[in-house]
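Contents: one structure, followed by commentary.
Taken together, the values in this text are just the output of simple stated rules run on the coordinates, not laboratory data. Here the structure is a predicted model, which is why all the values come from computation and not from measurement. When we count neighbours, we look across all protein chains shown, and the Cβ atoms used for this are built from the backbone with ideal geometry, even at glycine.
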Amino acid sequence: AQSVTQLGSHVSVSEGALVLLRCNYSSSVPPYLFWYVQYPNQGLQLLLKYTTGATLVKGINGFEAEFKKSETSFHLTKPSAHMSDAAEYFCAVSGVSTGANNLFFGTGTRLTVIP
Amino acid sequence: ETGVTQTPRHLVMGMTNKKSLKCEQHLGHNAMYWYKQSAKKPLELMFVYSLEERVENNSVPSRFSPECPNSSHLFLHLHTLQPEDSALYLCASSQDRENYGYTFGSGTRLTVV
């Protein structure tokens, strides 16, 4: 079975500060891990994903995440926050069940960027 | 047109109405999904279709009825809804058994009055 825990439903950072959004996963098989972003009144957009290979993954808009198997974590970071980064962020883990490729989502973290 | 397209973007309906949400994908994917996103709640997986067959129905009330006539189209038929059904309904698609994640549509914001 797969599940995701996102620590902190709300995170506030100042513009230009480091962004760190936490995600821990549980998976009975080698995980595929994802971060999605959702802007107000829109659907979810894929930021980045880890499948195999290099554990540091770079995504769009300057975000990156590192897969740490020993810590069962996949935290999302960005060195310098921009006002346009304000959104809700969802971590997800992939698992195959009943013939379909199901994604299991965390509860989301709302990022606020303070000018 | 590419990606996943959902129509309408906004829908207001009375509790006795019948309406349908439409989702269309132009990515060549063979699995499609309906999610419900309510305020302050996690994403709820409602239905999964793989190769046009329903493979999951997560205890969704019968007032929600999905239909997948082909691999590019997915519908959610709504009837006699309740106010608590007001939410953002998201459609997604993926290539089955390839763990590359989903592509989401922009959603339909449904308000039941």
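Taking 7 Å steps out from each Cα toward its Cβ at residue B:62 and residue B:109 produces label points 3.3 nm apart.
Applying a 4.7 Å Cβ-Cβ cutoff to the protein assembly as shown, the cysteines left without a disulfide-compatible partner are B:68. A simple count of charges around residue A:89, restricted to other residues whose Cβ falls under 15 Å of its Cβ and scoring Lys, Arg +1 and Asp, Glu -1, yields +1. If you take all other residues with their beta carbon under 14 Å from the beta carbon of residue B:21, and give Lys and Arg +1 and Asp and Glu -1, the sum is +4.
Once you have a ≥ b ≥ c as the square roots of the Cα gyration tensor eigenvalues for the stretch A:34-115, tell me rounded if a/c is under 1.5, and otherwise prolate or oblate according to whether a/b is larger than b/c. The shape class here is oblate. Stretching residue B:51 away from residue B:26 to a fully extended chain increases their span by 7.5 nm, per 0.36 nm per residue minus the current alpha-carbon distance. Highest mean first, the peptides A:19-25, B:37-43 sorted by other C-beta atoms within 10 Å per residue fall in the order A:19-25, B:37-43.
If you model the protein assembly as shown as an ellipsoid using its alpha carbon gyration tensor, with each semi-axis the square root of five times an eigenvalue, the axes come out at 30, 21, 15 Å, biggest first.
Just how many pairs of Lys in the protein assembly as shown have C-alpha atoms closer than 20 Å, counting pairs that are eight or more places apart or on different chains? Lysine pairs satisfying the spacing and distance rule in the protein assembly as shown number 11. Normalised size of chain B, defined as Cα radius of gyration per 2.2 N^0.38 Å with N residues, equals 1.00.
For residue A:42, what charge total do you get from the other residues with a beta carbon under 12 Å from its beta carbon, if Lys and Arg give +1 and Asp and Glu give -1? Walk me through the numbers before you get to the answer.
Numbers: positive: B:9, B:109; negative: A:88.
The answer is +1.
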